[in-house]
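Chemist: Can you read through this structure? Questions will come right after.
The values are calculated or read from the model by the stated rules, or taken from the named source; none is laboratory data. As the structure is a computational prediction, the values presented were derived from the model and not from experiment. Here the Cβ positions follow ideal geometry from the backbone for every residue, glycine too, while neighbour counts run over all protein chains shown. Heads up: the accessible areas ignore ligands, DNA and RNA and are worked out on the full protein's heavy atoms, side chains in. Shrake-Rupley method; radii C 1.70, N 1.55, O 1.52, S 1.80 Å.
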Amino acid sequence: FAECKRLNITTLWEVDDLIFDAEILRNSKTLQALDTATYNGLLDGAHLYKSAMLQCSGAIASTQHLADEMVKAGAKYAYVVENALDPETITAAESITTGRKSLEDGIIRIGYGSGTTTHNIDFLEAADAIVSVLRQNKNVHFRLIGNLDLPASFKEVEAQVEYIDLCPYRDYLKVLAECDISLAPLED
């Protein structure tokens, strides 16, 4: 940072999460479910991220809310550069020739993709509603793509749960395209 300042080079700090706010991290049920070393590492890292952000000329955020939080935390200014689809994703999506399977078999699929079990807490936000929908509608299936510890309440609707292993990104997009509804619940 000192060398950039000496050379009068503009520096920007970019992130798409509130990893610089130790209080937010401390109160996250998702993070509290991590092993102690990882959790403590994230908390210890928060002040380092904030320090780096404050040493930069400005910041880049993926949402206006995050940009506002950066400025509130002391960033001189924050640009918003929204997340976008990269060329690989667009090419992969364009190559998918199959669509919703419900058009063939009449089964409505609710899809959820999870790369790690850190999403267990996030998923709980929607779990009861999903089980309720499955109980009331035998023509609805829940498609789980990847890693997730389903709550015990899913036992009674297990015949309506489709398990798909972690797969390459292109395959994931194809499996997701076969669903009618895609969920992305997040802890408040």
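Chemist: Say each of residue 27 and residue 124 gets a label point 7 Å from the Cα, pointing the same way as Cα to Cβ; how far apart are those two points in nm?
Modeler: Label-label distance for residue 27 and residue 124, simple model: 1.7 nm.
Chemist: For residue 143, what accessible surface area do you get with a 1.4 Å probe? Give it in Å², rounded to 10.
Modeler: 10
Chemist: Along the charge dipole of segment 6-145, Cβ charges K/R +1 and D/E -1, which of 142, 80, 22 sits furthest on the positive end?
Modeler: 142
Chemist: Given the Cα-Cα distance of residue 100 and residue 6 and 0.36 nm per residue of separation, how much length would full extension add, in nm?
Modeler: Gain on extension, residue 100 to residue 6, equals 28.1 nm.
Chemist: Full extension from residue 93 to residue 39: what is 0.36 nm times the residue separation minus their Cα-Cα distance, to one decimal in nm?
Modeler: Full-extension gain reported as 15.9 nm.
Chemist: In addition: Count the DSSP beta bridges whose two residues both fall in segment 38-188, then state the antiparallel fraction as a percent rounded to the nearest 5.
Modeler: Once the DSSP bridges in segment 38-188 are tallied, antiparallel ones form about 0 percent.
Chemist: Using a 1.4 angstrom probe on the protein heavy atoms only, line up 118, 97 by accessible area, largest first.
Modeler: Putting 118, 97 in descending order of accessible area: 97, 118.
Chemist: Here's another thing I want to ask about it. Which entries of 29/50; 138/174; 101/138; 5/76 have Cα-Cα distances beyond 19 Å here?
Modeler: 29/50; 138/174
Chemist: Here's a follow-up. Tell me the accessible surface of residue 72 in square angstrom (1.4 angstrom probe, heavy atoms of protein chains only), to the nearest ten.
Modeler: That residue has around 150 Å² of solvent-accessible surface.
Chemist: I've got another one for you. Run the 1.4 Å probe and let me know the accessible area of residue 76, rounded to the nearest 10 Å².
Modeler: That residue has around 130 Å² of solvent-accessible surface.
Chemist: Here is a follow-up. Please get the size of the charge dipole for segment 50-188, origin at its Cα centre, with Cβ charges of +1 on Lys and Arg and -1 on Asp and Glu, quoted in debye to the nearest 20.
Modeler: With only Lys, Arg, Asp and Glu charged at Cβ, the dipole is about 140 debye.
Chemist: Cβ under 14 Å from residue 179's Cβ, residue 179 left aside: what net charge do those residues give with Lys, Arg +1 and Asp, Glu -1?
Modeler: Net of charged neighbours comes to -1.
Chemist: Could you check the spin-label model distance between residue 83 and residue 57? Points 7 Å from the Cα along Cα→Cβ, value in nm.
Modeler: Distance between label points: 2.8 nm.
Chemist: Note down, for the chain, the three equivalent ellipsoid semi-axes (square root of 5 times each alpha carbon gyration tensor eigenvalue), biggest first, whole angstrom.
Modeler: Value: 39, 22, 13 Å, ordered largest first.
Chemist: Related question: For the chain, with a Gaussian network of springs between Cα atoms less than 10 Å apart, report the residue from 73, 46, 33 with the top mean-square fluctuation.
Modeler: Among 73, 46, 33, the largest GNM mean-square fluctuation belongs to 73.
Chemist: Tell me the mean residue ellipticity at 222 nm calculated for the chain from its helices only (DSSP H runs of n ≥ 4, each -39500 (n - 2.57), averaged over every residue, nearest 500).
Modeler: Taking each H run of at least 4 residues, the total per residue is -12500 deg cm²/dmol.
Chemist: Ranked from the most accessible area to the least, with a 1.4 Å probe and all protein chains present, what is the order of 79, 49?
Modeler: Largest accessible area first, the residues go 79, 49.
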